[in-house]
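**Q** First the structure, then my questions, so here it is.
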Amino acid sequence: MQRAEARPRQHPEGAAPGGGGGGGGDRPAAVAGAMDPTGLLEPSLYTVKAIFILDNDGQRLLAKYYDDTFPSTKEQKTFEKSVFNKTHKTDSEIAFLEGLTIVYKSSIDVFFYVVGSSQENELMLVAVLTCLFDSLNHMLRKNVEKRSLLDNLDGAFLVVDEIVDGGVILESDPQQVIQKVNFRVDDSPLSEQSVAQVFLSRLILSA
């Protein structure tokens, strides 16, 4: 099983990456010192702040937020629109907005986004993004587009939950993700019955 390393993140001391001098970059010294007298941010396993999927008009299809950076649905959707406007016409795969690191990927008429802090390792976020896309590509039988995704939205939420839980990366192997949501490679896309079976099996295991 290939699991993403849930290791503490390493943060630069003093200045932000690429910054010079000992002034602490853009981060107030009082904030850094309050968390750690050495000036280092506290290590954290909470790598992912949000995962969302938008259509080609920037409208939300699926979203999961893992902290209170954007506490209300209105704030979340405003952020998503800003991200979409910044990214949907570019060829790059990473963006920086509102102090956050965003990695993204598009397919036909949908856009996939994974959000982390400005200090986050982009490779960890890309691992989540790749696993999400490959898992859905598998589930949707290589037909990753808006209508297919909406028809299998329950399964898509299950996929997201198997990859990230509360901001912590659980899995980066698409095969393992698919197995955990009770989806067989040769089956048709998740039906309501198979989704119900997954929830039932979880209830039995947690009982």
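**Q** Find the residue count for segment 49-98, including only residues that are basic (K, R), loosely packed, with under 14 Cβ neighbours inside 10 Å and assigned to a loop (DSSP other than H, G, I, E, B).
**A** Of the residues in segment 49-98, 1 are basic (K, R), loosely packed, with under 14 Cβ neighbours inside 10 Å and assigned to a loop (DSSP other than H, G, I, E, B).
**Q** Residues E42, E13: which one is modelled with pLDDT under 95, in contact with a Leu (Cβ under 8 Å, 6 or more places away or on another chain) and in a loop (DSSP other than H, G, I, E, B)?
**A** Residue meeting the stated conditions: E13.
**Q** If only one of R147, R141 is basic (K, R) and touching a residue at least 12 places away in the same chain (Cβ under 8 Å), which one is it?
**A** Only one candidate qualifies: R141.
**Q** Give me a count of the residues in segment 127-152 that are of a type in the set (A, V, I, L, M, F, W, C), outside any helix (DSSP H, G or I) and closer than 22 Å to T87 by Cα.
**A** 1
Table: residues versus (1) hydroxyl-bearing (S, T, Y); (2) assigned to a helix (DSSP H, G or I); (3) open to solvent by less than 30 Å² (accessible area, probe 1.4 Å).
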position	(1), (2), (3)
V115	no, no, yes
L125	no, yes, yes
D154	no, yes, no
Q175	no, yes, no
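The values are calculated or read from the model by the stated rules, or taken from the named source; none is laboratory data. From a predicted model like this one, the values you see are computed outputs, not experimental measurements. Neighbour counts run over all protein chains shown; Cβ positions are idealised from the backbone, glycine included. In case anyone asks, the SASA skips ligands and DNA or RNA and just uses the protein heavy atoms, side chains included. Shrake-Rupley method; radii C 1.70, N 1.55, O 1.52, S 1.80 Å.
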